[in-house]
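Here's the structure we're looking at; comments come further down.
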Amino acid sequence: MTNYVLVHGAWHGGWCYARVADRLRAKGHRVFTPTLAGLGERSHEFGGHINLSTHIADVVNVITWERLDNVVLLGHSYGGMVITGAADAVADKISTLVYLDAMIPSDGQSIFDMVPPEILKAQIDGAAAHGGFGIPPTSAAAFEVNEKDREWVDTLCTPHPIGCQSERIKLTGAHLRVRNKVFVLAANWGNGRGFRRYRDMAKAQPGWTVLEMPCGHDAMIDMPDELTEILLKSAN
């Protein structure tokens, strides 16, 4: 039995992993899909106090209170920031880090430091038009989610706290001790060219496995069987 903790990206919630979680649990594994503060079913908590540190604490607390070890910790997109910070805090509990079309930060970086200027401007302008604290969701169509699931995804996505984008991550380097690291590129997402640099970073470093999936950004929705297989293999 393996402990899996699956962390969603911006605007999403734990709901986006339902298909993958069902498949892993059917194989006898423990699966946790925490929704980060201010999002999804926790959207009633939304406010200007939520930042990246809040979300890192959300994940660390799941691992701590559930007394998990040998964890396969996956982060999607923005979730790469969160799992890096969580792994830095509890590195001895993590066996594998999986970056699913996700950002791989260095110490002192924020999302706003890592995105192209046009995306930075769009996010800041979007937040300004919605009270200053929340960035409106990117559409499922823009993420190239398969057509039949787009309405479902758009209905459940909620504004993302801007503090999560602006706060710079603080890392000690402990996360680098995690022995297995996997990067999975959603290769068919036309707008995701920026994630290819994280794939290339991973390829250039020892200890990484680099894979590609022929789908849009939300691989857990479009290709749950294939992602489940990757997760099962990553635990070996």
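Values in this text are rule-based calculations from the coordinates and carry no lab data. Predicted, not measured: the structure shown is a model, and the values here were computed from it.
Do any of 148/181; 203/233; 121/181; 93/181; 148/203; 93/170 go past 25 Å between their Cα atoms, and which? Over 25 Å Cα-Cα: 148/181; 121/181; 148/203.
So between residue 1 and residue 170, what do we pick up on full extension, going 0.36 nm a residue minus the alpha carbon distance?
Details: separation 169, 0.36 × 169 = 60.84 nm, distance 3.21 nm.
Net length gain for the segment: 57.6 nm.
Distances over 28 Å make up what percent of all Cα-Cα pairs in the chain?
23
Taking every DSSP beta bridge with both residues inside the range 3-234, roughly what % is antiparallel (nearest 5)?
5
Our note on the geometry: Cα centres of the range 14-63 and the range 208-236, 18 Å apart.
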